[in-house]
Structure formats: C-alpha cells, structure tokens
1. I need the semi-axes of the equivalent ellipsoid of the chain: take the C-alpha gyration tensor, multiply each eigenvalue by 5, square-root it, list largest first in whole angstrom.
2. What figure, in Å² to the nearest 10, do you get for the accessible area of V141 with a 1.4 Å probe and non-protein molecules left out?
3. Treat the stretch 1-72 as a sphere of radius equal to its Kirkwood radius over Cα pairs and apply Stokes-Einstein at 25 °C in a medium of 0.890 mPa s; give the translational diffusion coefficient in µm²/s, rounded to a whole number.
4. Sort V172, V47, V131, V143 from largest to smallest accessible area, using a 1.4 Å probe on the heavy atoms of the protein chains.
5. Please give the charge dipole size of the chain, origin at the Cα centre, charges +1 on K and R Cβ atoms and -1 on D and E Cβ atoms. Round to the nearest 20 debye.
6. Along its principal axes, what span do the Cα atoms of the stretch 113-156 show, with the longest given first and each in whole Å?
7. Taking the Cα centre of the stretch 21-109 as origin and charging only Cβ (+1 Lys, Arg; -1 Asp, Glu), how large is the dipole, in debye to the nearest 20?
8. Can you pull the Rg over Rh of the stretch 35-112, Cα-only, Kirkwood?
Amino acid sequence: TAVTRAGSLALVANGYGGVQVFGIAELANPYKVGVIKPAGFARDVAVRDGFAFIAASHEGLVVADTDDPSLPMVAVLDLFGVANRIAIEGDRAFITEMGGDDETSQLSIVDISDPYAPQVDRTLLLHPGQVNLRPEGAYDVHVRGGKAFVTVQYVDQEGRPARGLVEVVDLVVHGKHH
C-alpha cells in the first residue's frame with residue numbers, strides 16, 4: 001500500500017480497492033472523500049499540481065483530477081507492461097514495470113506536462129548482466145540528480161529468485177533529462 005499527501009488530502013493506493021482519498025485538514029478528524037477506481041490494481045500513487053498519477057498494473061498509468069470533488073479520471077496511458085511504482089520529477093513520471101506476461105523489467109519515462117494527455121517519452125529495458133539470469137520485474141524507483149534508482153528482481157532459468165539489485169540508470173546518458 002502506498003500513501004501520499006496532496007494538501008489537505010491523503011491518497012492511499014489500495015490494490016483492487018482503487019485509490020482511497022481522505023480529507024485530513026484536521027488530522028484528529030479524517031474523513032473519506034471518495035475513491036478513484038481504475039480498472040487495474042492500484043499499486044502506487046503520486047501527486048503533482050492537483051492530479052493523482054496512479055500506477056495501475058495492467059491498465060498502465062491512470063491520471064485523476066484531485067481538485068475536482070468528484071475525483072474524475074482524466075487520462076489513461078497503456079504502458080504495455082504491469083505498472084508497479086511511480087516517482088515524479090518535474091514534468092516526468094518514472095514508472096517501473098514488473099515482469100508480467102512477458103517477463104521484462106523496464107522503466108517507462110512519461111511526459112506529464114499535460115496531465116490530460118500523458119505520453120511515453122522513452123522506455124528503458126533493464127537486463128541482467130549474466131546470461132543465465134532473466135528479468136522478473138522492476139519494482140521500486142527513486143529519481144534524484146539525473147539518476148533513477150530502480151530495484152529489480154532476476155530469476156534463474158528455472159524461475160527461482162536469484163538476485164535482487166538496485167540498478168542505477170543515468171538519465172542523461174539515456175536521453176535528455178528534464
């Protein structure tokens with residue numbers, strides 16, 4: 001479960017329960033404001049400028065307007081993977097994708113300058129350094145100083161967990177960093 005705050009709102013990514021939104025202007029008296037219910041499993045949520053950006057599993061990236069009391073979903077972007085975690089820096093969302101159906105580990109970088117029309121800027125495939133390992137998924141991400149720190153899991157040829165690592169992705173080397 002991921003929790004984030006946007007002003008007087010707390011947002012909780014709650015799996016199949018969507019993103020639960022609570023009013024916390026008075027911390028002693030929180031109350032439920034509503035639910036943002038993407039079709040996918042809500043794995044993580046981040047906020048920026050009145051919008052919630054949700055890593056919604058097979059559905060991809062879902063964007064909702066948190067300034068509107070009805071919390072409408074305003075955009076969906078299919079990432080062609082299983083969106084897992086999200087970090088936002090500037091006008092970019094960095095979304096890790098789990099192995100899913102095709103056993104890939106990747107980091108999608110999405111331009112969110114227009115939250116009503118997010119667009120994939122680029123997708124970076126993360127590969128193990130050993131030929132006897134295969135990717136199972138990218139799990140968490142943190143972005144700082146032009147680098148993305150991504151936790152990944154690799155499995156052996158029989159599908160047994162073999163290594164969990166933190167991959168450091170130089171965003172300047174892999175394209176323009178904003």
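1. Values: eigenvalues 174, 62, 40 Å².
Each semi-axis is √(5λ); the values are 29, 18, 14 Å.
2. 10 Å²
3. On the way: Rh = 11.8 Å.
Estimated diffusion coefficient is 208 µm²/s.
4. Numbers: V172 95, V47 40, V131 145, V143 20 Å².
Result, largest first: V131, V172, V47, V143.
5. Details: 14 positive and 23 negative charges, 83 e Å.
With only Lys, Arg, Asp and Glu charged at Cβ, the dipole is about 400 debye.
6. 42, 22, 14
7. Details: 6 positive and 14 negative charges, 56 e Å.
Charge dipole of the stretch 21-109: 260 debye, to the nearest 20.
8. Ratio of gyration radius to Kirkwood radius: 0.96.
The values are calculated or read from the model by the stated rules, or taken from the named source; none is laboratory data. Just so you know, these numbers come straight off a predicted model, no measurement behind them. Here the Cβ is made from the backbone with ideal geometry for all residues, glycine too, and neighbour counts use every protein chain on show. Each accessible area value is taken on the protein alone, full model and side chains, heavy atoms only, with ligands, DNA and RNA left out. Shrake-Rupley method; radii C 1.70, N 1.55, O 1.52, S 1.80 Å.
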